[in-house]
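The values are calculated or read from the model by the stated rules, or taken from the named source; none is laboratory data. Remember, predicted model here, so these are calculated numbers, not experimental data. Neighbour counts are summed over all protein chains in view; Cβ atoms, including those assigned to glycine, are modelled from backbone coordinates with ideal geometry. Side chains are part of the model used for accessible areas, which takes the heavy atoms of the whole protein and leaves out ligands, DNA and RNA. Shrake-Rupley method; radii C 1.70, N 1.55, O 1.52, S 1.80 Å.
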Amino acid sequence: MIPRETQDPGVHEDRDRGGANRATLAEIAALETLSTSWRSLAARRLERSAVEDWTPRLSGEG
């Protein structure tokens, strides 16, 4: 887990469903039929144990 003081403010930690989400992300990252960019995104989320904050995109600010 990334210490809060060094964590990117645009990233949310996956605390509640960590085990299930990590297993799913690992499966996604290993899917050879999936595009490289999606596999990389899953791998990055696994590595950081976090997902990016989509609030700005969803609210039209980003």
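General remarks:
- Percent accessible area from carbon and sulfur atoms, the range 23-62, protein chains only, probe 1.4 Å: 55 percent
- Projected label distance in nm at ARG39 and ALA20, using a 7 Å step from Cα toward the beta-carbon: 2.7 nm
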